[in-house]
Amino acid sequence: MSPTAIALAIIFFIVALGSAIGFYAGTRHKMSLEQWTVGSRGFGTLLMWLLMAGEIYTTFSFLGASGWAYSRGGPALYILAYLPLSYVVSFFVSPLIWDLGREHGLQTQPDFFLARYGSKYLTGFVALVGVAFMIPYLQIQLTGLGIIVEVASFGGIGRTRAMILGVVLLAGFVFVSGIRAVAWVSVLKDFLMVIAAVSIGLYVPHLYFGGVGPMFAEMARVNPGHLVMPGATKNLGHTWYVSTVLLTALGAFMWPHAFGAAFTARSANVLRRNCVVMPLYNITLAFIFFIGFTAFLEIPGLGNGDLSLLTLVRQALPPWMLGVVGGAGALTAMVPASIIILTASTLFAKNLYRPVFAPAMTDDQVARLARGMVVALSLICLYFAIYSSTTLVSLLLLGYAGVTQFFPGVLLGLFWKRVTTAGVFSGLISGVACTAFLILSNRDPFGGWNAGFLALCLNGAVTVLASLAVPVKTGARTEDFSAGGSGRF
């Protein structure tokens, strides 16, 4: 068999196996809205760990991290710093969110805002912002899927065809199995990703330099500036690094799909245990960086750094191993894309369309509309993935800059009785508007700072000042929904 045929056969087998698992996951359960979105709140430690790993460690981790190590150098190291810090935030916040979800029947992030602040318009705006900023994150997965299959198949399958096939498969098993499909497919995805990352991350530096240490020694000799700030960039210095780590650490669990995943857990202790052990998974990213730095030395001049990992693997490893890497990478794209599509569809149907346009809709009708939106959003994101050339990390940072604007409303809603609906609404609008202006006008970073972090600071200040300026009405929901004293709303 030709190298192309070998690689393609293995990729197809892995993707087909993952898809079959996804379709099977929902066959034993009636897919009500509760089952489809939060798995009837019955996920134990293992399924919860797989779900969290599946939605956090994505194509960005596989291609984007190595791509920025290749093309930017030192600034890429923020990726190693922010995830462990994000679990510290989640350890204290997620169990409270789970308690509230159980008591009040919450299924989505906008449900939290509705229960806490009592405004359907704020809830609809939260849903709209969430959907808007999840589209770049979904675009990451589809773009990465196309790159992976195209390169790993030696060009046998074009990028566009690979993305179309991937969208059909993931939309299909999300439509049928909901959140359970994501958790079950993560079993195969995580196993393959860890094996691929560790084995390649150790083998490739050894093949070319005799080990990881000699590889870094050669890097320090050839281009020592690549390993420190600002690396190969002009404006991603230490201020940008610190502000980006803070932004992404605070925002990691503000993604609507990550926030909603907390509601699937069997208990609050399941979430706490996962926050303790999940940073161990972050070790795999170091091996991805080894590959990116090795590629920087061995295959200079790539126009797109996101291609560095697969280009080096194709050059250094036999076709069967390239097929394994391609299959693992494809699942690494499909798993998070699945939960993003599921969450975005649910936000649109349950928290935007129903409360604003059709309050009389039943849960069954919402579930049907959400499933229809799976197809619509998949097509929208497929269009952007085909016709956009933005790098994977840039897309991720755009998404983070947007979803982190939910953080003041969530944190103050949990721990400060005095926060008001008007304060949160005005702060969120200010933060999103600032984010959009700075990023769309190419002012990121701004004065050396991450634009999203500056927007978050503005958001927080406006939220607090506006809340203090507006008197609290007697009998307001803050009496029923606050963490003061009881640790609950």
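Taking amide hydrogens as placed 1.01 Å from N in the peptide plane, the amide H of PHE446 sits under 5 Å from those of ALA451, each at least 5 positions away in sequence or on another chain. With contributions of -39500 (n - 2.57) from each DSSP H run of at least four residues, the per-residue ellipticity at 222 nm computed over the chain stands at -23500 deg cm²/dmol. Note on the range 239-262 and the range 103-158: Cα centroid distance 14 Å, given to the nearest whole angstrom. For the chain, the longest principal axis of the C-alpha atoms and the axis of helix 45-56 are separated by about 70°. Computing volume of the Cα convex hull per residue in Å³ for the structure here picks out one of (1) 130; (2) 241; (3) 140, namely (1).
Relative to the longest principal Cα axis of the chain, at what angle does helix 212-222 sit, 0 to 90 degrees, rounded to 10? Compared with the principal axis, the helix lies near 80 degrees.
Can you tell me the 0 to 90 degree angle between the C-alpha axis of helix 363-387 and the longest principal axis of the chain, rounded to 10? Tilt of helix 363-387: around 40 degrees.
Considering only THR284, MET229, PRO318, the residue lying farthest towards the positive end of the dipole of the chain is THR284, judged by Cα position with unit charges set on Cβ. Put a plus charge on the Cβ of each Lys and Arg, a minus charge on the Cβ of each Asp and Glu, and nothing anywhere else: the dipole of the range 3-404 about its Cα centre is then about 480 debye.
Each peptide in 273-284, 404-415, 321-332, 442-453 gets a packing score, the mean of other Cβ atoms within 10 Å over its residues, and the list from highest to lowest is 321-332, 404-415, 442-453, 273-284.
Read the figures in this text as sums done on the coordinates, not as results from a lab. Just so it is clear, the structure is predicted and the values come from calculations on it, not from any experiment. Positions of Cβ are backbone-derived with ideal geometry, glycine not excepted, and every protein chain shown enters the neighbour counts.
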